[in-house]
1. Select from region 390-405 the residues that are more than 14 Å from the ligand (Cβ to nearest atom), of a type in the set (A, V, I, L, M, F, W, C) and surrounded by fewer than 20 Cβ atoms within 10 Å (Cβ to Cβ) and list them in ascending order.
2. Among the residues of region 379-389, how many are near the ligand (Cβ under 10 Å from one of its atoms) and either surrounded by fewer than 19 Cβ atoms within 10 Å (Cβ to Cβ) or not in a helix (DSSP H, G or I) (or both)?
3. Take Y529 and tell me if it is part of a loop (DSSP other than H, G, I, E, B), open to solvent by 10 Å² or more (accessible area, probe 1.4 Å) and within 16 Å of the ligand (Cβ to nearest atom).
4. Hey, among the residues in region 442-455 that are within 16 Å of the ligand (Cβ to nearest atom) and outside any loop (DSSP other than H, G, I, E, B), which one's least open to solvent (accessible area, probe 1.4 Å)?
5. Can you name the helices (runs of 4 or more DSSP H) wholly within region 249-346 that have at least 3 residues being out of contact with any Gly (no Cβ under 9 Å at 6 or more places or on another chain)?
6. For region 367-378, does any single residue satisfy the condition of being crowded, with 23+ Cβ neighbours inside 10 Å, within 12 Å of the ligand (Cβ to nearest atom) and in contact (Cβ under 8 Å) with a residue 24 or more places away in the chain?
7. Just need a number here: residues in region 327-355 that are under 27 Å from G397 (Cα atoms), touching a strand residue (DSSP E or B) at 6+ places or on another chain (Cβ under 9 Å) and without any contact (Cβ under 8 Å) to a residue 40 or more places away in the chain.
Amino acid sequence: MRRRRARLLCSLLLTVAAGAGAATTAEPSAASAAASAAAPTPLDRVVPAPASVRPGGGPYVIGPDTRIRVSGSVGSSRAARQVGDYLAGVLRPSTGYRLPVTARRGGDGIRLRLAPRAPGVRKLGAEGYRLEVNHRAITISARASAGLFHGVQTLRQLLPASIERTTRQPGPWRVSGGTITDEPRYAWRGAMLDVSRHFFTVDQIKRYVDQLALYKINKLHLHLSDDQGWRIAIDSWPRLATYGGSTQVGGGPGGFYTKADYREIVRYAASRELTVVPEIDMPGHTNAALASYAELNCDGIARPLYTGTDVGFSSLCVPQQVTYDFVDDVIRELAALTPGRYLHIGGDEAHSTSHADYVAFMDRVQPIVAKYGKTAVGWHQLTGAHPAKGAIAQYWGLDGSEKQVADAAKAGTRLILSPANRAYLDMKYDANTPLGLDWAGYVEAKQSYDWDPGAYIKDAPASSVLGVEAPLWSETISTSAHIEYLAFPRLPGIAELGWSPRATHDWDTYKVRLAAQGPRWDALGITYYRSPQVPWPAR
Ligand code: TNX
């Protein structure tokens, strides 16, 4: 695939973007307070669209005496309490109510029940939930904590946007009556952050995780190594992080995660029901490693650190044994740090590796991933080698026409779909977007939403599709405001493609639900792009 490289944008433009969607911190206007007093949000006005909605009864009004009642069978009540504490953390600042979280049964209020055998819940998967609202109670039931957590995200969107503020707001806090029964279309609903081209701190990652959780994203893919920086401490090869992580695009100081930092990211993501998928990109995109250790180069000469944005110039030395000792050490340490099942080995744009070497490399590296108990994920170029049994290929092409991908899917390789002209959050929205690249074209909100993951790859069985992922490459971005400007409003669209049944797919109704998120993002301080395609309410 040919792609054009955008030049690094000057800091002036970056500043413009950071200010473009600046958060409104003012108190809500009288008009918006009156609007929230009018009618509570209809049950189907949420993103992603729920699988089934039956309005009726209610509403429930959260008041000063409301309790959050958590329950679960033996062993699971702790998980229910954690979700209850999380919900209380969202609701307390803006309502000003105490909202005690209690395990005492019976009574009204907001009830979070882990009830695997309850009718209507039994048939749902681990991420499904049922949310029932009448004038006495809001009851969220699920088989597992992930379902309860997703149900809580739906509940947030049923409340006025001012619920998201961190200072006390007027209310009333009314929730429409009825029942939502909901579960995802796909098991893999990912977001990738490239922390190599620019380094992002643990706190910046946590902020993004909180935003991903709003839309029921369940995988956080971290692109931990590339030519410009190695971002994770590896004890057996310490210079990878201390030297290989010491810069970034444009020459800034870079950075890396200690093992304690990484564990904290994993823990925080898990508390928001996201699994971390770490990526070490190989055999190309490895200049930071080749700069850190001379012996990884075929000629034994260390490469200089790199701070530009070209791709395809670096390769691990495929014929040498030390390469596999290195890969084994890195994968062993990373696997030990990572509770999730998946380990991403990259494999894209290996333009400096011969095809024979690429195949030989993947033949040796995939078994190492399996040896440490993980499932290998690779960019879809892996389908040009021999994908291991159970391997997952992440598609980043443009039109789904690659026969080699369809053939691999027919042979059992599962697919994650990230078509670059749809799902790449680093593409510019239009010619005026001050951040991002344009090699896959401009990607406006509608373009990003309006496709079907189930039918995208020509001739691939629909059952091979594991889900979707929205990658955010960071050649041109370095702050949380930049992340948010590119992720919002496109990320919720990809999240909806991953979660909602195909039958709910419709741009004209989606854009209205999406527009309703705008005031919520304002309340959360998310600096989003006000796409002209979306009928945002006036600020
Ligand atoms: C392609 S997608 C890349 C990355 C770049 C990105 C920029 C992929 C697997 N490789 O190296 O950062 O384009 O959009």
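The values are calculated or read from the model by the stated rules, or taken from the named source; none is laboratory data. In this text, all values refer to a predicted model and were calculated from it rather than measured experimentally. Glycine also receives a Cβ, built like all others from the backbone with ideal geometry; neighbour counts cover every protein chain displayed. SASA here: full protein model, heavy atoms, side chains in, ligands and nucleic acids out. Shrake-Rupley method; radii C 1.70, N 1.55, O 1.52, S 1.80 Å.
1. Once the filter is applied, which keeps residues that are more than 14 Å from the ligand (Cβ to nearest atom), of a type in the set (A, V, I, L, M, F, W, C) and surrounded by fewer than 20 Cβ atoms within 10 Å (Cβ to Cβ), region 390-405 yields nothing.
2. So the answer is 1.
3. Values: part of a loop (DSSP other than H, G, I, E, B): yes; open to solvent by 10 Å² or more (accessible area, probe 1.4 Å): yes; within 16 Å of the ligand (Cβ to nearest atom): no.
So Y529 fails the test.
4. The selected residue is S448.
5. 259-271, 321-337
6. Yes: region 367-378 contains one or more residues that are crowded, with 23+ Cβ neighbours inside 10 Å, within 12 Å of the ligand (Cβ to nearest atom) and in contact (Cβ under 8 Å) with a residue 24 or more places away in the chain.
7. Looking only at that region, the number is 0.
Condition check ((1) at pLDDT 95 or above; (2) closer than 21 Å to D281 by Cα; (3) of a type outside the set (F, W, Y)) across all residues:
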| position | (1), (2), (3) |
| --- | --- |
| N421 | yes, no, yes |
| A431 | yes, no, yes |
| P434 | yes, no, yes |
| W439 | yes, yes, no |
| E444 | yes, no, yes |
| K458 | yes, no, yes |
| P471 | yes, yes, yes |
